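Worksheet: the structure to be examined is printed underneath.
The values are calculated or read from the model by the stated rules, or taken from the named source; none is laboratory data. Since the structure is predicted, the reported quantities are computational estimates derived from the model, not experimental observations. Using ideal geometry, Cβ is built from the backbone for each residue, glycine included, and neighbour counts are taken over all protein chains shown. Calculation scope for accessible area: heavy atoms of the full protein, side chains included, ligands and nucleic acids excluded. Shrake-Rupley method; radii C 1.70, N 1.55, O 1.52, S 1.80 Å.
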Amino acid sequence: MVSRLALVLLSVASFAVTAWALGRLPSWPEDLGMRARWAWLAEHGADYDTLVVGSSATANGFVPAAFDAACSAEGLEVRSFNFGVEGMDPFEADHTLRVLLDSGLLPNLRYVLIEGNDWSPRIQYPDDERQLWRNERFVFLHDAEATQEALTWTRGHLEGDLRQRQLEQHLELAARHATNLGAGPSWLGSLRGTWSGAPTREQLAADHGFVALEELTDRPDVTERRERFLAGLEAYVQQIEAWRQRLDAEGRPASAPTPEYRAAVERQAQRLAAIGARGVYFTGTRTIQTPGLRGLAAEGALELLPFNDPAAFPALYAPEARFDREHLNREGATRWSGLLGRAFARLVSEED
Amino acid sequence: MLFVELRFLWFFALVFGVHWALRSSTQRKAWLLAASYAFYGAWDVDLLSLIAASTLVDFCAGRGIAGATSQGARRAWLALSLTANLGLLGFFKYFNFFAESAAELSRWMGLPVSNWTLAIVLPVGISFYTFQTLSYSLDIYRGKLEPRESFLDLALFVSFFPQLVAGPIVRAVQFLPQLAEPRRWDAHVRARVALVTIASGFFKKAVLSDHLAPVVDQVYADPAAFDAVSTWLAATLFHLQLYLDFSGYSEMAIGLAGLLGYQLPRNFDAPYLARSVTAFWRRWHITLGAWFSQYLYLPLGGSREGSARTYRNLLVVFLVSGLWHGANWTFVVWGLIHGLAVVAERTAPGAVLTRLPRPLALLYVNLVYLFSLVFFRSESIESAGTTLSHMLGGAGAATSHADQGMWWVAAAFFVGHACVARYGLLERAASVPPRAFAVGLGVVTALMLPWVSTAPAPFLYFQF
């Protein structure tokens, strides 16, 4: 009996060691330009000293050339790279930043700009098992540390069936991550540095991670969004005006952040400090309140450059600067990146 | 619940653990029966009643046949079993097919008809478990088996979850005697053989077959759009997919049953190395072939009544076999092609086909199978005609191309298939010392998982 148990344990240990060793291979997900950015940094990471992580507001809004030029005009020389990816919330951005820092792909990193929003490690497609199963990005995200955070948050903030289901899905994704289930094609793609779609190598060389939405002509969902925006321009203008009035009436509220968000911000600060880099948070040009983020800024836990304010930045919310309700076009993105660059350079100069 | 799903792993771990923890044979059988019903219930709880009803009918019929005092009564009990089982199968699987075919025929004859079809859900595995229950009554009728006193034994034989939904088709005489003897780990379990068999089946299904499916599905969804090379590629890949999928499932079933102490018969034996279509059928879906041989071919007279009757019997078996696979004329044509090939090989001029040099013989067998599978895979005879016409150079303006890199996969498969069979690689793997085996199993599993498809397809034979 002991001998049989020993054999089972030996087999499990062999499996675990092999899976762990294989798990050291890079397996960057191809989803929505993620691998493209990883692969580019693997080749050119030393060229950049400033990294920007965030959602599509960043991916399709942050123009490194405009940001760098604005910083330069303020006397701060930087070379930035846009690691924004559609749908990347602060939880995923935290993981991406951690893996990037651990990978050593950015040896000259001095500054990191992090798009702030609510901290919510929820699975995006809880009812679409096939989508969940296929999405290598979810699997990539579920390493031990991120899974632990997700489970803690889910236990503390969700209830009932949703909580149970999300816990199960987090565990399943973590199991896939740990066993490398289905990771083979991703390894091959990562090792070869191959990907499909935007950004292409040419776009990366020219725009350093930025992708203008008007150039995504092969994405029907993007085209459809643009058409919807143009068809509802009047409603958009009214929405912005209502948002402006709401801000005037309610102000820009700050509230206590969740303990998980606070802990994540502290971890980020420690990680960046350990490599001599500095983190600055920003909000994109969206009509969302970010009270938790403002609360952290008010406490002095982070430095925040907020742009979710049409009263303060009316030009960024004008229809001619927008691709759709939530995103800027290239012209608007260039303008915003310039504003962000100037604000960032002044903040950094003041502190330094 | 598929064998390749994570939840099945937890399910089997629970079943395995409790099974061997229980001391009494009756408790173990009751546990396996409950697990089998839970396994089937994961698809459709309502349809469990069909399995239960089928079991009950045959339990009664078996006792009735054995206890009957006259031949007429024996026949009546057998007729009850046949009617109930084939009636269920006929209604759920073939009602719409025959109704539509009759309506088509009536329209062709100029008679006014209306649609008679019903919205019937085909119960998973019905073709498999009805054949198993039938074998029980038939074997008692033929005097080869005693009726079971224990309803539990018969119910477990009919519903044993490793092979419930897609075989191998186990005959009552093969399985029921195993239930009479308490299972013991040392005497009945060859763990290394079982684990290698499961690993081999998992590799075939999850790593190979599921990666072929998208290319095959793409071409067969619209064969008219694809060029000749792509239709050849799709036909070749389906040729492999079907084998990998079905033999993979069978191997996992055999291995899982093995870990529970039960032996299931082998279902495949390197079929693509067969040198004649006749030999192919001794290596492909062996348990179905054996069932038809025992319960249809031999009762029809087999080969004992002259060439003409033999040919007729063979054609009947293959036509029925085609229809068993699915309620569609495409399966009938598939069966007919094989029947004609087997009959041809028995004739004097056709016998030359069985004496071809090895490379030509392999080419001949694989081409016959490949062309027949075009019908097997196609939605209709018309669609099969389009695919065949494209394969034979009639692609015309079709411009779409399938991933031609898959030819390398096909070539690698044939080499691997031959090597595994020729050098007995699986048997060798199962015979290495225990510690080396334990390490190897862990390493191989870890190396295999990254290549598992993230878009798992249902087992092809589940639809039958």
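Touching a strand residue (DSSP E or B) at 6+ places or on another chain (Cβ under 7 Å) and not small (Gly, Ala, Ser) - does that describe any residue in the range A:203-215? Yes, some residue in the range A:203-215 is touching a strand residue (DSSP E or B) at 6+ places or on another chain (Cβ under 7 Å) and not small (Gly, Ala, Ser). Annotation: A:GLY279 fulfils all but one of (1) of a type outside the set (Asp, Glu); (2) in contact (Cβ under 8 Å) with a residue 40 or more places away in the chain; (3) within 17 Å of A:TYR236 (Cβ to Cβ); the unmet one is (3). Taking the range A:321-345 as the range and being open to solvent by 60 Å² or more (accessible area, probe 1.4 Å), in contact (Cβ under 8 Å) with a residue 12 or more places away in the chain and acidic (Asp, Glu) as the test, only A:GLU326 passes. Residues that are more than 9 Å from every other protein chain (Cβ to nearest Cβ) and open to solvent by less than 20 Å² (accessible area, probe 1.4 Å) within the range A:5-42 comprise A:PRO29, A:GLY33, A:MET34, A:ARG35, A:ALA36, A:ARG37, A:TRP38, A:ALA39, A:LEU41, listed in sequence order. Reported count of residues in the range B:157-193, each being outside any loop (DSSP other than H, G, I, E, B), open to solvent by 20 Å² or more (accessible area, probe 1.4 Å) and closer than 16 Å to B:ASN267 by Cα, is 2. Annotation: of all residues in the range B:1-46 being within 14 Å of chain A (Cβ to nearest Cβ) and assigned to a loop (DSSP other than H, G, I, E, B), the one that is surrounded by the most Cβ atoms within 10 Å (Cβ to Cβ) is B:VAL4.
Among the candidates B:VAL443, B:VAL365, the residue that is part of a helix (DSSP H, G or I) and out of contact with any Phe, Trp or Tyr (no Cβ under 6 Å at 6 or more places or on another chain) is uniquely B:VAL443. The residues of the range B:51-85 that are among the hydroxyl-bearing types (Ser, Thr, Tyr) and in contact (Cβ under 8 Å) with a residue 60 or more places away in the chain, listed by number, are B:SER54, B:THR55. Can you find, within the range B:452-464, the residue that is nearest to the other protein chains (Cβ to nearest Cβ) among those that are part of a helix (DSSP H, G or I) and surrounded by 19 or more Cβ atoms within 10 Å (Cβ to Cβ)? Checked the range B:452-464; the qualifying residue nearest to the other protein chains (Cβ to nearest Cβ) is B:LEU460. Exactly one residue among B:LEU237, B:LEU233, B:LEU242 is assigned by TED's automatic domain parsing to the domain that holds B:GLU382, farther than 30 Å from B:GLN27 by Cα and under 12 Å from the mean Cα position of the chain (by Cα), and that residue is B:LEU242. On inspection, A:VAL280 passes the criterion of being among the aliphatic types (A, V, I, L, M) and open to solvent by less than 10 Å² (accessible area, probe 1.4 Å). Of the helices (runs of 4 or more DSSP H) lying entirely inside the range B:196-304, the ones with 3 or more residues being open to solvent by 10 Å² or more (accessible area, probe 1.4 Å) and β-branched (Val, Ile, Thr) are found at B:228-259.
A:GLN203 meets the conditions (1) open to solvent by less than 50 Å² (accessible area, probe 1.4 Å); (2) over 20 Å from A:SER337 (Cβ atoms); (3) modelled with pLDDT of 90 or more in every case but one. The failed one is (2).
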